[in-house]
Ligand SMILES: Nc1ncnc2c1ncn2[C@@H]1O[C@H](COP(=O)(O)OP(=O)(O)O)[C@@H](O)[C@H]1O
Ligand SMILES: O=C(O)C1=C[C@@H](OP(=O)(O)O)[C@@H](O)[C@H](O)C1
Ligand SMILES: [Mg+2]
């Protein structure tokens, strides 16, 4: 296990509230929310966790792209970052209110004061805010020169570190659980999250439609086709493993 639970929450039930099916908090909202910088693996872990737990996954970047009808990178170029952040604020609020599975946020979402407050309230009512912590050395090859991350264009390593330095205090303050996203396979990191929160993996593969595959832009947004993304469950934790999990993301 690499990670820690925020002091004061470690002795409580995984969801901090009487649990429903597979850790679903009694209070409305996602089973868990993934936060962290670009390349920490929020989008990927979201899908792996959802598949392993038999839950649906929602990624606010995908919601924003669907609303805007274009990729995040185009929103930044055509409309500017403030317009993207406004869409993101709405997308996160809607997802926190509506979604009851796994929720992956964009890396900068937590810096919006309204989103910050909404996540703090979600955690206060027993929600799980999972900070995927990662070093520049691990994140840099993952994000690379990917044009889909407009904030990293120019000098990706310098930009990434500057963003992380600015955001780390917020990630740490909001997190109820911090897990290190290292060079291990994503399924192992997901296993840490599952174990720390006391969630129950399913043994049968989840229906692909629960993995975001129905998203109209899924092919563009995410070239990991869910039905071939997660291989056979790893012994003991029901999580997929291996090369099928290591394909390239765009967000
Ligand atoms: N644990 C991991 N091991 C190897 N590659 C990973 C891991 N987690 C994510 N990746 C890869 O890194 C890239 C960025 O991951 P992604 O989930 O999009 O990060 P985020 O949503 O946090 O920006 C993707 O190509 C993804 O497949
Ligand atoms: O860090 C950020 O401000 C951003 C991160 C991206 O999401 P990922 O963290 O999933 O890459 C995406 O929301 C947008 O490019 C802005
Ligand atoms: Mg992402």
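The values are calculated or read from the model by the stated rules, or taken from the named source; none is laboratory data. Keep in mind it's a predicted model, so treat the numbers as computed, not measured. Positions of Cβ are backbone-derived with ideal geometry, glycine not excepted, and every protein chain shown enters the neighbour counts.
One table, with the values for the structure above:
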read-out: Helices (runs of 4 or more DSSP H) within region 22-98 that include 3 or more residues within 11 Å of ligand 1 (Cβ to nearest atom) and touching a helix residue (DSSP H, G or I) at 6+ places or on another chain (Cβ under 8 Å); value: 42-53, 60-68
read-out: Unique residue being away from ligand 2 (no atom under 16 Å from the Cβ) and modelled with pLDDT of 50 or more when the list is 234, 175, 148, 187; value: 187
read-out: Lone qualifier among 163, 132, 119 - being modelled with pLDDT of 95 or more and not in a helix (DSSP H, G or I); value: 132
read-out: So residue 142, is it over 18 Å from the mean Cα position of the chain (by Cα), in contact (Cβ under 8 Å) with a residue 60 or more places away in the chain and within 22 Å of residue 49 (Cβ to Cβ); value: no
read-out: Selection status of residue 106, closer than 15 Å to residue 32 by Cα and either within 16 Å of ligand 2 (Cβ to nearest atom) or crowded, with 22+ Cβ neighbours inside 10 Å (or both); value: yes
read-out: Only one of 137, 196 that is over 26 Å from residue 84 (Cα atoms), assigned to a helix (DSSP H, G or I) and modelled with pLDDT of 95 or more; value: 196
read-out: Residue in region 166-174 that is crowded, with 16+ Cβ neighbours inside 10 Å, more than 25 Å from residue 50 (Cβ to Cβ), within 16 Å of ligand 3 (Cβ to nearest atom) and under 18 Å from the mean Cα position of the chain (by Cα) present; value: no
